[in-house]
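What follows is a set of notes on a single structure, which appears directly below.
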Amino acid sequence: MRLEYTCSSCKKQNKYVPIAATRGDLQMKVGDEVTVNCDNCGKNDKKHINRIDAVVDTKKMLIAFVISAIVTLVLFGFFGLVGTITFSIPFLMWVQESKSISNFNSYKIRRR
């Protein structure tokens, strides 16, 4: 899971570094509003934490898929079809990541 926000001036997606499991945990860490700096245009802006969204970290998923494919090929050579079970690891990881993203994005903080 990766946290991102959209820059209000250039409309580009930017990565937000402090990661928390839920929006409530993020609020406890950083407060209701955070000051962010756009990587593309360099504009400093204040964002409410409801404007920060969780998205799938594709780099992590791709690495898990490649490692799983290699392990599956090695185990398939030693154990046959039993080794193909390891190919389901990226799928299970994707399901867990989707649940985490859904939990983060579904919870909103009340604005004052």
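The values are calculated or read from the model by the stated rules, or taken from the named source; none is laboratory data. Worth saying up front: this structure is predicted, and the values here are computed from it rather than measured. Heads up, the Cβs are rebuilt from the backbone with ideal geometry, glycines too, and the neighbour counts pull from every protein chain shown. For accessibility, only protein heavy atoms count, side chains too; no ligands or nucleic acids. Shrake-Rupley method; radii C 1.70, N 1.55, O 1.52, S 1.80 Å.
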- Using only Cα atoms, tell me the angle between helix 58-79 and the longest principal axis of the chain; keep it within 0 to 90° and round to the nearest 10. 10
- Note on the structure: For segment 30-112, the per residue accessible area (1.4 Å probe, Å²) is 71
- Let me have the 222 nm mean residue ellipticity of the chain computed from DSSP H runs of 4+ only, each contributing -39500 (n - 2.57), with the sum over all residues rounded to the nearest 500. -14000 deg cm²/dmol
- If packing is taken as the mean number of other Cβ atoms within 10 Å per residue, what is the order of 18-24, 28-34, highest first? 18-24, 28-34
- With a ≥ b ≥ c the root eigenvalues of the C-alpha gyration tensor of the chain, is it rounded (a/c under 1.5), prolate (a/b larger than b/c) or oblate? prolate
